[in-house]
Every structure is written in structure tokens, then in C-alpha cells.
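Note sheet for the following structure.
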């Protein structure tokens with residue numbers, strides 16, 4: 001039976017000081033506004049402060065124990081190697097000792113024991129020193145998308161649109177006169193736009209028990225992989241949200257660390273991995289909301305410089321939706337560098353990539369890198385599936401364009417009809433349209449295809465026989481299609497430079 005007694009805040013401080021002394025002179029102590037951490041050896045022990053705040057109640061020892069157990073449950077989903085166990089604190093505030101798991105007799109408080117990690121591997125620190133690589137961002141997109149995909153839908157009590165608006169308005173209440181009036185007005189208008197989508201996605205099961213506080217400071221790189229930790233356990237309403245609220249936090253924080261290219265790389269990779277392109281229509285709303293959450297934290301800490309930065313970021317993110325977005329098609333033969341060019345261009349232009357190779361396999365219920373048998377390939381690459389694939393590409397692009405986001409369709413589009421359909425879509429959506437024709441010599445095309453097949457890590461199944469077929473059936477761009485040629489027959493740095501120049505050209509048109 002849990003006999004833990006309640007503590008005052010002063011007794012909590014006394015207990016912490018005694019525990020710190022008992023754990024040894026090398027023990028470090030870290031304080032947050034709701035918790036205290038003791039770092040000793042390879043462990044970090046986290047204790048809740050006996051506080052009652054508008055969004056949590058840790059006044060009783062029983063509540064603090066429940067919160068420790070909830071944090072253990074939630075964070076073992078993403079970082080099981082970091083979250084070890086809940087332990088009692090025995091004795092008295094003046095002479096406490098840490099007990100064994102499950103030993104509740106005589107407990108005066110509870111702590112969560114975690115395994116320590118190298119703080120220099122936190123993603124916010126990597127970003128601050130320019131060490132957050134493209135591979136880290138790609139891995140993070142996969143990590144978050146896979147985490148969300150594995151979650152069941154939340155109970156019906158969570159995620160109602162009016163609750164989303166209430167949390168957004170709470171930022172402005174907390175910031176008071178420091179909150180720009182134009183951002184308040186933008187939030188109200190934007191909510192009116194997204195409220196029907198929020199309700200639809202809730203009905204579709206996209207409200208799930210996510211992380212709730214997924215900024216870069218709560219993600220660590222361990223053995224080359226990102227590990228999200230410290231998800232919100234004390235208020236279920238803050239984690240039972242639309243999955244895009246989690247993803248938008250990562251997007252916002254990359255932007256906040258002056259990594260807009262990385263932000264778009266993450267958003268596009270996240271949608272590509274999980275297939276949730278429709279959710280990106282919520283990205284501007286949730287990204288601004290998350291920036292204002294960080295502004296609120298800065299205000300609480302009295303950090304004026306951080307507050308101004310976060311308000312500036314919120315203002316920038318409120319302009320993500322474009323009055324006239326861009327639909328770009330990167331077209332060309334297999335091995336011509338379409339996907340590489342699209343990835344480079346989406347980061348420069350601020351866009352979302354949609355790949356035919358990926359969506360074709362998603363329609364077929366296949367893993368992206370799965371290789372079809374000869375029998376499967378006949379159906380997968382037949383005329384009927386090709387029509388379905390291009391219809392899906394067009395549908396995704398239409399949704400994103402309606403949301404005011406730039407789109408890059410990465411597809412061979414060797415037939416004039418396929419290209420014309422995208423051109424018509426752009427016209428109907430009030431978007432600009434351009435074709436980027438990726439080209440390389442026959443020798444380079446064949447070398448790339450051979451190398452890609454040997455690596456066996458890409459979604460493309462194209463073989464040399466497929467290339468020969470494409471060469472026979474392709475319909476070259478007509479003069480009136482006004483294609484922009486991108487020669488990819490060069491080293492990667494040169495191709496990247498050409499993509500950057502092309503992005504600058506498109507940005508001013």
C-alpha cells in the first residue's frame with residue numbers, strides 16, 4: 001500500500017539537498033519549473049515538485065507517483081533504453097534514501113530513474129553548432145512518422161476542434177500585450193479555414209496519444225538514431241492531439257534554429273513516409289501555435305531575446321501559405337536524377353515532394369523498398385496502375401495547392417497527357433506550373449540504374465530493360481510546354497549548384 005506522505009515545497013528542497021549529498025559529490029542538480037533532476041553516475045533521477053498549477057496538480061504524493069508511472073509508460077514508446085523504472089524515496093525529508101522499485105512502505109515521495117545520455121547529442125545543440133546533418137533530419141522524419149503510424153486513435157473525448165482553438169487562444173492570454181495583434185487575428189482566421197479538416201481528421205482517427213512536446217531539445221541522437229523523450233505526461237489534452245500538431249513542432253523548431261531547408265525536408269519526408277499529405281494543410285496553423293508556445297516559455301523565463309525571436313518565427317510561419325503556390329514537375333528517364341533534383345528544389349523553394357515510385361507502391365500495399373516479383377511487376381507497372389498512380393499524384397497535389405503550399409511532383413511523366421493533366425490542375429488551383437526536365441547521358445543513366453539496383457535502398461524498381469522501354473515510348477517535351485532543362489550529368493556539388501540556381505530563377509517568376 002502506498003503510504004507516501006505529502007511534502008511542502010520547502011521539504012522537497014530539503015529532501016533534494018540530502019539526496020544530492022548522499023549520492024556523492026559528483027551529483028549534479030537541475031531545476032525546471034515543475035521538476036528537479038539529480039544526475040549521478042549513469043543515471044538521472046527525476047522528482048516532481050509538490051505544486052498545483054493551472055495545467056497540473058502535483059500537490060499529493062499519490063499524484064506524483066502516478067505521474068512518474070505515466071511518464072515511464074509514455075516515453076518507453078519512443079526511448080525504452082532511457083526510461084528504466086519508478087522508485088520510492090524512503091525515510092524522512094532530512095534523511096531520505098532511494099528504495100527499490102515496488103517498495104512503497106514508508107515512502108515519502110517517488111522518482112523516475114532514467115539512463116543518462118550525452119547532452120551534446122541533443123538535436124537542439126547539434127542544430128546550434130551546425131552539426132545536424134541531412135541524414136539526421138531524414139531519420140527524424142522516419143522516426144516521427146513511424147511513431148504516429150503505430151498509435152491507435154484516441155478516445156472520442158479528445159481532439160475536438162474547439163479544444164484546439166482554446167489552446168491556441170491560451171497562448172495569447174498568457175502573452176498578453178506582448179502578443180502581436182496581427183498574429184491573434186491570423187490565428188482566428190486560420191482556425192476557421194482548418195476547423196472542418198480538424199473535425200474530419202478526428203473522425204478518421206488522426207487524433208492520437210502522441211508526444212506533445214516534440215521540440216529539438218527533447219530529441220537525442222543515440223547510436224545514430226533520433227530518440228524522442230520527455231513527452232508530456234501531466235496533461236493528456238496536450239498529447240491527445242492531431243498527429244500534425246506533433247510533426248509541426250519539429251518543423252517549427254527546425255525553422256526556429258534557422259534551418260528552413262531542414263524544416264521542409266522534414267515535413268516532406270514525414271508525409272512521404274506515412275502518406276499523410278492531407279495533414280500538411282494544418283502545418284501553418286500548428287507551426288504558429290507551437291512557436292507561440294515557445295514564446296510563452298520564453299516570457300515565463302524572462303528571456304526577452306528569446307521571446308522576440310519566437311514571435312518573429314511565428315510571424316514568418318504565418319506566411320507559409322502562398323496566395324499563388326507553385327506546382328513543379330521533375331520529369332525524365334529513370335536514372336536522370338529526378339528525385340535528387342526534387343529533394344534539392346523542395347528545400348530551396350519550401351515545398352513538398354510527391355514521388356510516383358513511392359505512391360505507386362503505397363497503392364499496391366507494398367513497402368517502399370520491396371521488390372516485386374515478375375508477376376507482381378506486370379500489375380504494378382501496367383497501364384491501370386499507372387493511371388491510378390498519376391490520379392493519386394494529382395489528388396495529393398490538388399490538396400496541397402488548395403492549402404497554399406508549393407508542390408513538386410517527382411515522376412517520369414513521359415507522356416504528354418500526364419504532363420498536361422498537371423498543367424491543367426495548376427491552372428484550376430491558381431498555381432504557377434513548370435516542368436523541370438532532368439537529363440543525363442545514356443552512359444550515366446545506365447551507371448546510376450545499375451548502382452541503385454545494387455544498393456537496393458531506393459523505391460525505384462527501374463532496370464536497364466525499363467530504361468530501354470522508356471527510350472522507345474517517351475513523348476519528348478514540345479516547345480509549347482516550355483520545359484526547363486536541368487543537366488544532372490555532373491558531380492553532386494555541381495548538380496546542387498544548378499538546382500539552387502534554378503530555384504532562384506523560379507522564385508522570382
Problem - Any hit, the stretch 414-421, residues being surrounded by 19 or more Cβ atoms within 10 Å (Cβ to Cβ), under 22 Å from the mean Cα position of the chain (by Cα) and more than 16 Å from residue 278 (Cβ to Cβ) - result: no
Exercise for the section: Provide a single number: the residues in the stretch 1-39 that are buried (at least 18 other Cβ atoms within 10 Å of the Cβ) and in contact with a helix residue (DSSP H, G or I) (Cβ under 8 Å, 6 or more places away or on another chain). Expected result: 4
Exercise for the section: Among the strands (runs of 3 or more DSSP E) lying completely within the stretch 1-99, list those that include at least 1 residues that are closer than 28 Å to residue 293 by Cα. Expected result: 28-31, 35-40, 43-48, 83-91
Practice task
Give 485, 451, 423 a once-over and let me know the one that is in contact with a strand residue (DSSP E or B) (Cβ under 6 Å, 6 or more places away or on another chain) and over 25 Å from residue 392 (Cα atoms).
Solution key: 485
Exercise for the section: Determine which single condition residue 107 fails, assuming it passes every other condition in (1) more than 25 Å from residue 273 (Cβ to Cβ); (2) loosely packed, with under 14 Cβ neighbours inside 10 Å; (3) in contact (Cβ under 8 Å) with a residue 12 or more places away in the chain. Expected result: (2)
Handout entry: helices (runs of 4 or more DSSP H) within the stretch 102-206 that include 1 or more residues within 24 Å of the chain's Cα centre (by Cα) and closer than 30 Å to residue 36 by Cβ
Key = 123-128, 134-149, 161-175
Practice task
Considering each residue of the stretch 50-62, count those that are buried (at least 17 other Cβ atoms within 10 Å of the Cβ) and either without any contact (Cβ under 8 Å) to a residue 24 or more places away in the chain or in contact with a helix residue (DSSP H, G or I) (Cβ under 6 Å, 6 or more places away or on another chain) (or both), and give that number.
Solution key: 2
Exercise for the section: Starting from the stretch 364-375, keep only residues that are outside the structural domain of residue 456 (by TED's automatic domain parsing), then list their pairs with residues that are surrounded by 13 or more Cβ atoms within 10 Å (Cβ to Cβ) and at pLDDT 90 or above whose Cβ atoms are within a distance under 7 Å, requiring at least 6 positions of separation or different chains. Expected result: none
Completion exercise
Screening 23, 19, 37, 7 for residues that are free of Cβ contacts under 8 Å to residues at least 40 places away in the same chain, touching a strand residue (DSSP E or B) at 6+ places or on another chain (Cβ under 7 Å) and farther than 21 Å from residue 230 by Cα leaves only 23
Exercise for the section: Considering each of 342, 314, 305 in turn, give the residue that is in contact with a helix residue (DSSP H, G or I) (Cβ under 7 Å, 6 or more places away or on another chain) and either in a helix (DSSP H, G or I) or modelled with pLDDT of 95 or more (or both). Expected result: 314
Practice task
Give just the number: which of (1) surrounded by fewer than 22 Cβ atoms within 10 Å (Cβ to Cβ); (2) farther than 21 Å from residue 194 by Cβ; (3) in contact with a strand residue (DSSP E or B) (Cβ under 7 Å, 6 or more places away or on another chain) does residue 300 not satisfy?
Solution key: (3)
Practice task
Show the residue pairs that are 6+ apart or on different chains and have beta-carbon atoms under 6 Å apart, the first residue being within the stretch 166-179 and within 18 Å of residue 237 (Cβ to Cβ), the second being at pLDDT below 95 and part of a helix (DSSP H, G or I).
Solution key: 171/296; 174/296
Exercise for the section: Only residues that are touching a helix residue (DSSP H, G or I) at 6+ places or on another chain (Cβ under 9 Å) and surrounded by fewer than 18 Cβ atoms within 10 Å (Cβ to Cβ): list them for the stretch 71-90, please. Expected result: 77, 84, 85
Handout entry: When residues of the stretch 444-459 are limited to those that are at pLDDT below 90 and in contact with a helix residue (DSSP H, G or I) (Cβ under 8 Å, 6 or more places away or on another chain), the one nearest to residue 356 (Cα to Cα)
Key = 459
Practice task
From the list 127, 131, 44, pick out the single residue that is buried (at least 20 other Cβ atoms within 10 Å of the Cβ) and more than 20 Å from residue 20 (Cα to Cα).
Solution key: 127
Problem - Of residues in the stretch 326-370 being more than 19 Å from the chain's Cα centre (by Cα) and at positive phi, the one surrounded by the fewest Cβ atoms within 10 Å (Cβ to Cβ) - result: 365
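The values are calculated or read from the model by the stated rules, or taken from the named source; none is laboratory data. From a predicted model like this one, the values you see are computed outputs, not experimental measurements. For neighbour counting, all protein chains shown are included, and Cβ atoms are generated from backbone atoms with ideal geometry for every residue, glycine included.
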